[in-house]
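The values are calculated or read from the model by the stated rules, or taken from the named source; none is laboratory data. Computed from a predicted model, the values in this text were never measured in an experiment. With ideal geometry, Cβ positions are generated from the backbone for all residues, glycine too; neighbour counts draw on all protein chains shown. Note: areas computed on protein heavy atoms with side chains; ligands, DNA, RNA excluded. Shrake-Rupley method; radii C 1.70, N 1.55, O 1.52, S 1.80 Å.
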Amino acid sequence: MGNNYSDGMNSTYHSISSDEREIRRWSSFEYYPFKCGRRRIVYKGISFQSKRIDEIEEPTDGNFHGKGTKTKSKRVKTTDNIDNSYWSKRKCVVKTASKDDIMMNDKSNTDSQWFRKMFITGNDNISLFRKELNMDTEKKLGIAFAKSYLAEIDNMSSVWNPICYYCCRYKGRLSMDDIVLIEDRIEGPFRHFIFVDGTCEDDCPAILNAFLHFTYHQSEGKLVMCDFQGAEEKSNFLHLTVPTVHSIERSFGPKDQGEEGIKEVLSNHKCNELCHKDWLKP
């Protein structure tokens with residue numbers, strides 16, 4: 001039990017969504033959750049790389065993975081579509097997916113793959129932001145967004161899960177075929193640095209507030225990134241969950257409040273020493 005990530009562990013099928021390189025992942029995760037709230041159950045796990053998205057057969061019958069019959073023989077992961085090597089694995093969490101999460105990864109409509117779109121937009125802005133500030137990562141905090149993948153439960157231990165559930169008495173549990181999120185694990189005390197309306201924690205790192213302003217400037221006022229949550233990790237960077245994006249076209253999912261959201265965030269923003277004077281202001 002614990003950190004024994006063996007074939008007998010709980011696991012997901014290869015993810016429904018992909019990252020910016022069109023790579024999918026699957027995960028093996030623990031028998032018991034380390035966090036259990038009203039809306040989400042969260043397990044620690046390890047994720048591994050699957051095939052590229054264009055190499056995986058897409059469903060034809062309305063099922064997430066086109067398997068039809070949910071038998072073990074139909075759902076076994078072969079060495080053809082996974083890579084469980086040392087270089088492929090990453091620490092992750094596996095948690096209950098909300099309806100918004102499922103909408104934001106809807107593979108039937110490429111315009112609706114908001115998680116992937118937000119991650120790519122965020123990374124592009126980080127690269128430009130580093131150049132703009134001529135950042136020395138040894139002296140200043142870096143910023144990185146955790147990758148997120150939507151997946152379906154493939155296997156749940158019929159022995160250890162009930163035992164852990166009975167002994168620990170946690171609220172709720174995952175079941176076969178549930179839809180979950182596989183997210184890169186964020187180490188350290190979790191904080192909500194900047195909220196969805198642009199207001200900040202009192203001790204919010206200046207670099208995050210400047211990054212928010214930069215996303216508005218770089219897009220020429222077409223969008224702003226906010227809702228920064230995560231932790232400051234030992235390797236001198238801020239590891240954040242996928243942010244909220246407000247955009248003129250409202251093209252970034254259910255949380256995108258459009259022009260009104262942009263105005264509200266910028267009205268709450270206060271420039272600091274890292275914000276350039278020539279950056280666009282509303």
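Key figures
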read-out: Residue match in region 250-268 (condition: acidic (Asp, Glu), at positive phi and surrounded by 15 or more Cβ atoms within 10 Å (Cβ to Cβ)); value: no
read-out: Matching option when the condition is of a type outside the set (Val, Ile, Thr) and either open to solvent by 30 Å² or more (accessible area, probe 1.4 Å) or under 16 Å from PHE129 (Cβ atoms) (or both), among ASP203, ASP227; value: ASP203
read-out: Within region 179-200, tally of residues that are open to solvent by less than 50 Å² (accessible area, probe 1.4 Å) and either among the charged types (D, E, K, R) or part of a helix (DSSP H, G or I) (or both); value: 4
read-out: Which listed residue is in contact (Cβ under 8 Å) with a residue 12 or more places away in the chain and in contact with a helix residue (DSSP H, G or I) (Cβ under 7 Å, 6 or more places away or on another chain), from THR215, THR244; value: THR215
